[in-house]
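Here the structure is laid out as structure tokens; the discussion comes afterwards.
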Amino acid sequence: MEARRMKKPFHVISFIVENKPGVLFRVAWLIRRRNFNIESISVGPTENPGISRMTITLYGDEPVVEQVIKQLRKLVDVVKVSRLDPDNTVIREMALVKVHVPDPAARADLDYYVRAFRGRIVDLSPDAAIVEVTGTPQKVDAFIELMRSFGIKELARTGATALPRSPKE
Amino acid sequence: MRLSGAKALIKSLENEGVKVIFGIPGGAILPVYDALHDSSIRHILVRHEQCAAHAADGYARASGRVGVCMATSGPGATNLVTGIATAYMDSSPIVAITGQVARHMIGRDAFQEADIIGITTPITKYSFQIQDAEDVPRVVKEAFYLAMEGRPAPVLIDFPVDVQREEAEVDLEAEIPPRANKLVKEPHPLQVKRAAEALLNAERPVMLAGGGVIISNASEELRALAELLMIPVTITLMGKGSFPENHPLYIGRVGMHGSAAANKLIMEADVIFAIGTRFSDRSTGRFDTFARDATLIHVDIDAAEIGKNIKPDIPIVADAKQALKAIHDAVKDLSRKDTSTWLQRVKDVKESIEKLDQRPADELSPKNVIREIRRLLPADGIVTTGVGRNQMWAALYLEVYHPRTFITSGGLGTMGFGLPAALGAKVAKPNSIVVDIDGDGSFLMTEGELATSIVEEIPVIVVIMNDGWLGMVKYWQDLFYGGRYCATCLRRGVPDFVKLAEAYGANAARPQSLQEFSRAFKEAMSSDRTTVIDVWINPDEPVLPFAPPGRSLAETITDLREVMRGGG
């Protein structure tokens with residue numbers, strides 16, 4: 001968060017790993033050990049059983065990003081590390097935000113914001129709603145900022161995941 | 001073939017060519033020890049698991065092969081940790097095998113259960129927990145491959161006791177699956193060309209050889225290139241042995257306690273060619289002062305070392321041997337810039353610094369003792385060290401001529417390393433004389449291994465630089481803490497190392513003069529029993545030269561009054 005406030009460049013590192021026991025532990029340990037200040041990390045299976053994709057986003061200077069990539073490449077179970085160009089990458093993150101909406105006016109406002117961000121209200125109770133929103137991490141940030149006016153009761157973000165766009169002819 | 005997991009492990013180790021395992025048995029590794037009973041593999045029973053790892057490490061460094069250590073679950077496994085960390089920091093290939101509680105008990109905080117994989121993740125390249133007896137041959141093969149591949153490192157195999165007992169259909173010839181994560185070993189041709197040009201055009205070139213040169217067995221190539229281009233060579237502590245220290249192009253070792261000549265000359269160089277070094281702060285001094293105005297060429301097999309501490313101008317990710325060969329080929333038919341002025345300067349600096357030494361040659365001082373060891377010890381004799389002043393004196397005063405004959409804990413700086421590493425080295429090279437140059441504090445940490453050396457008949461020579469203090473720490477208290485000796489006095493004579501050694505059945509001597517030392521050392525060399533030589537030295541003996549921490553190598557001092565003035 002510190003690096004982000006200091007307006008360092010944004011980076012997306014995508015890497016595929018063999019689905020071996022302890023691989024997530026080794027990656028998490030590496031980040032702590034080398035004191036890398038990451039913004040998010042996400043993990044999930046790929047089309048290939050036995051292979052997972054992890055995505056790390058961070059704000060940082062060039063030498064830091066290079067070290068992250070080199071250290072990741074050293075891990076035995078890491079198959080391939082790519083640095084994605086944010087301008088040529090589809091980056092998505094999902095957030096669930098539980099907000100306080102005690103009255104019809106608040107609910108109407110919420111509905112308006114949710115539409116503007118192409119989110120969805122996925123749960124409603126007499127005084128609260130859960131909203132799902134998907135987009136770039138920056139869009140998710142902006143949406144969460146807006147939700148603060150209602151009072152955020154709980155928040156869950158997935159962390160960013162990403163794929164490079166196919167090259168254009 | 002139908003085998004128990006334990007038998008499969010021993011057969012697989014035999015297939016890897018393992019001749020010796022250092023270890024201590026316990027409940028959760030008993031099936032493996034039972035299988036070991038029928039094996040040709042020699043087991044060496046140490047007295048503390050830490051020493052099993054150090055001995056495996058010493059074995060690996062002396063031989064260039066993987067060293068193997070073994071312990072039971074829980075405390076047996078955790079006792080290995082310091083030894084594994086020591087090997088990891090110095091890129092030494094060991095395979096550590098630990099017993100583990102039965103699978104159904106894992107995670108239940110069973111008796112003698114420790115999450116040894118979790119504990120050792122930061123200090124191993126990889127670890128395996130065997131879940132199925134049929135996996136044993138593949139796991140062993142992979143472990144040995146990973147330990148040696150690229151930059152060597154420890155690998156851990158955690159073996160639950162029920163899997164050791166379980167019988168399975170085992171294929172001892174199982175192949176390891178190919179890894180997608182391929183290692184680059186050949187240097188990039190473009191970078192080789194750039195490095196060659198930089199070296200040919202250099203006016204004041206210096207080569208800096210690290211431990212990577214020894215690991216990749218590239219000493220011949222290093223020497224060939226240095227002689228071809230007439231480039232002075234300096235080394236790091238881990239690079240000791242990579243280049244013969246009696247060679248005319250050798251200028252001494254760099255670093256905090258490096259030679260004044262090397263520290264001076266490397267700061268004057270316009271091209272520094274560094275091979276197989278990770279630019280430890282102890283070698284470079286303050287990072288932002290090192291090679292600031294020089295063109296830096298950096299060869300390392302580990303890409304992550306390039307630019308980690310010091311950013312090179314010409315990075316070469318490659319095996320040291322292959323890179324040196326490629327650069328040799330690239331420069332051999334080309335003409336180089338005349339460097340005779342530089343070589344004269346190198347010669348002058350070396351000579352002026354040698355003149356500084358005015359102490360009597362017959363005093364029983366660390367320097368004279370170590371020079372005497374060198375004089376008496378054959379060139380292929382192996383020296384290990386403890387950590388502290390003893391280690392720095394050994395590094396300063398012991399000329400080393402061959403790779404793998406100087407074994408020290410450089411990165412982690414593990415006190416107590418000397419004796420168990422000496423035992424490992426002696427097992428690897430039974431025909432070489434092995435000497436542990438140790439300190440009293442260091443030696444006391446693993447002194448129980450004298451028992452191993454006697455019972456297992458592994459004769460080594462231990463020379464203790466006995467000052468009755470934790471000498472290096474005392475030295476820093478003298479220099480930087482106004483002589484306030486907090487917790488550094490050990491009290492000399494406790495224990496009496498001569499009586500202690502004799503209690504173990506070892507030979508012992510306490511020489512009162514350099515002549516007596518020589519006699520004792522000669523006797524030790526011809527004895528087939530371990531000898532402890534207790535040398536009482538002046539507790540105020542300094543370690544000089546000294547580039548104080550956080551300073552540039554250019555600020556290396558050779559006179560203590562300079563430190564006092566600097567204030568630390």
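Here is how the numbers come out for the structure above:
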| read-out | value |
| --- | --- |
| Chain A - percent relative contact order, Cα under 8 Å, separation 6 or more | 27 percent |
| Inter-site label distance for residue B:286 and residue A:62 at 7 Å from Cα along Cβ, in nm | 2.5 nm |
| Value in Å of the Kirkwood radius, where the protein assembly as shown supplies the Cα pairs that are averaged | 28.5 Å |
| Residue among A:82, A:149, A:40 with the largest mean-square fluctuation in a Gaussian network model of chain A, springs linking Cα atoms under 10 Å | A:149 |
| Near-label residues of the stretch A:74-106 by backbone N, under 16 Å of a point 7 Å along Cα→Cβ of residue A:168 | A:85-90 |
| Test item: A:12-23 mean partner chain Cβ contacts at 10 Å | 2 |
| Estimated distance in nm for a label pair at residue A:7 and residue B:340, the labels positioned 7 Å out from Cα along Cα-to-Cβ | 5.9 nm |
| Mean Kyte hydropathy of -1.0 or more with a Cα span along the axis of at least 20 Å, helices from DSSP in chain B | B:49-63, B:340-354 |
| Beta bridges by DSSP in chain B, antiparallel share as percent, to the nearest 5 | 10 percent |
| Under-5 Å amide H pairs with residue B:532, H placed in peptide plane, nonlocal only | B:462, B:507, B:508, B:509 |
| Non-local Lys pairs in chain A, i.e. 8 or more apart or on different chains, that have alpha carbons under 25 Å apart | 12 |
| Most mobile of A:36, A:25, A:15 in a GNM of chain A (Cα contacts under 10 Å) | A:25 |
| Averaged over B:301-313, number of beta-carbon atoms from partner chains that fall within 10 Å | 3 |
| Ranked list, fewest to most other Cβ atoms within 10 Å of each Cβ, for B:380, B:467 | B:380, B:467 |
| CD proxy at 222 nm, helix term only [per DSSP H run n ≥ 4: -39500 (n - 2.57); per residue of chain B; nearest 500] | -11000 deg cm²/dmol |
| Helix-only mean residue ellipticity at 222 nm for chain A, each DSSP H run of n ≥ 4 adding -39500 (n - 2.57), per residue, nearest 500 | -9000 deg cm²/dmol |
| Calculated FRET value between residue B:352 and residue B:293, using beta carbons and R₀ = 25 Å, to 0.05 | 0.65 |
| Estimated inter-spin distance, residue A:118 and residue A:132, nm [label 7 Å along Cα→Cβ] | 1.5 nm |
| Residue B:250 long-range amide H proximity, modeled H, under 5 Å | B:233 |
| Stretch gain in nm, segment residue B:132-residue B:183, where the contour uses 0.36 nm per residue and the Cα spacing is subtracted | 15.5 nm |
| DSSP bridge orientation in the protein assembly as shown - percent antiparallel, rounded to nearest 5 | 45 percent |
| Nearby lysines by direct alpha-carbon distance to residue B:426 (threshold 30 angstrom, same-chain neighbours under 8 apart not counted) | B:7, B:11, B:19, B:125, B:141, B:240, B:321, B:367, B:499, B:522 |
| Nearest-0.05 FRET efficiency for residue B:103 and residue B:515, computed from C-beta distance (R0 56 Å) | 0.35 |
| Percentage relative contact order, chain B, counting C-alpha pairs under 8 Å, at least six apart | 14 percent |
| Residue exposure sequence - B:350, A:168 - by fewest surrounding Cβ within 10 Å | A:168, B:350 |
| Hz values of 3J(HN,Hα) by residue in the stretch B:95-109 - Karplus curve (6.51, -1.76, 1.60), Gly and Pro given as x | 10, 9, 10, 10, x, 9, 5, 4, 3, 6, 9, 5, x, 9, 6 |
| Projected area averaged over orientations for the stretch A:54-154, convex hull of C-alpha atoms, nm² | 8.4 nm² |
| Scattering profile of the stretch B:9-130 at q = 0.10, 0.11, 0.15 Å⁻¹ [log10 I(q)/I(0), Debye over alpha-carbon scatterers] | -0.27, -0.33, -0.62 |
| Partner chain coverage, peptide A:66-76 - average Cβ within 10 angstrom | 5 |
| Rotationally averaged projected area of chain B (alpha carbon convex hull; nm²) | 26.1 nm² |
| Built amide H within the under 5 Å cut-off of residue B:407, gap 5+ | B:383, B:384, B:385 |
| Mean Cβ neighbour count within 10 Å, used as a protection proxy, ranking B:403-416, B:515-528, B:217-230 highest first | B:403-416, B:217-230, B:515-528 |
| Using a Förster distance of 30 Å, the FRET efficiency for residue B:14-residue B:541 (Cβ separation, nearest 0.05) | 0.05 |
| Least to most buried among B:48, B:43 (fewest other Cβ within 10 Å first) | B:43, B:48 |
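Every number in this text was worked out from the coordinates using simple rules, so none of it is lab data. From a predicted model like this one, the values you see are computed outputs, not experimental measurements. Don't worry about glycine lacking a Cβ; one is built from the backbone with ideal geometry, like all the others, and counts go over all protein chains shown.
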